[in-house]
Amino acid sequence: MAIWTIWWVWVLAGVVLAGLEITLPGFVFLGFALGAVGNGALLAFGLAPDNVALLALIFAVLSLVAWLILRRLVGVTKSQVKVWKDDINDL
């Protein structure tokens with residue numbers, strides 16, 4: 001049995017990636033962390049295959065979906081720069 005087919009390895013990788021997100025924010029590592037934890041959950045419940053290539057594909061898809069959802073919910077806005085139209089000192 002390959003190490004990548006053990007569920008707790010994926011969950012541990014997700015925790016490590018979430019820790020990286022704390023030190024290097026940007027929702028990139030958090031998307032990967034959620035993908036890894038999702039992959040671990042699928043393996044734990046017996047819903048994922050034992051093939052490493054398919055596990056990598058599932059991880060990539062789950063990470064992309066998680067990243068897109070995070071980007072939509074808490075990501076950047078259309079105008080990355082805050083433009084102030086009124087000055088508090090003008091009143």
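The values are calculated or read from the model by the stated rules, or taken from the named source; none is laboratory data. Fair warning: this is a prediction, and the values are worked out from it, not measured in the lab. Here the Cβ positions follow ideal geometry from the backbone for every residue, glycine too, while neighbour counts run over all protein chains shown.
Are any residues in the range 66-76 part of a helix (DSSP H, G or I) and either modelled with pLDDT of 95 or more or not hydrophobic (A, V, I, L, M, F, W, C) (or both), and if so, which ones? Before you say what the answer is, go through the steps one by one.
At the first step, the residues of the range 66-76 found to be part of a helix (DSSP H, G or I) are 66-74.
Hits for the range 66-76 are ARG71, ARG72.
So that you can scan it fast, the table gives a plain yes or no per residue for (1) surrounded by 13 or more Cβ atoms within 10 Å (Cβ to Cβ); (2) at pLDDT below 95; (3) farther than 23 Å from VAL74 by Cα:
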{"position": "VAL11", "(1), (2), (3)": "yes, no, yes"}
{"position": "LEU20", "(1), (2), (3)": "yes, yes, no"}
{"position": "THR23", "(1), (2), (3)": "no, yes, no"}
{"position": "VAL28", "(1), (2), (3)": "yes, yes, no"}
{"position": "GLY31", "(1), (2), (3)": "yes, yes, no"}
{"position": "LEU43", "(1), (2), (3)": "yes, yes, yes"}
{"position": "PRO49", "(1), (2), (3)": "yes, yes, yes"}
{"position": "ALA53", "(1), (2), (3)": "no, yes, yes"}
So, first residue closer than 17 Å to VAL15 by Cβ in the range 41-69, second residue of a type in the set (D, E, K, R), Cβ within less than 9 Å, six or more apart or across chains; the pairs are LEU43/ASP50
Residue count, the range 31-58, condition part of a helix (DSSP H, G or I) and over 10 Å from the mean Cα position of the chain (by Cα), comes to 13
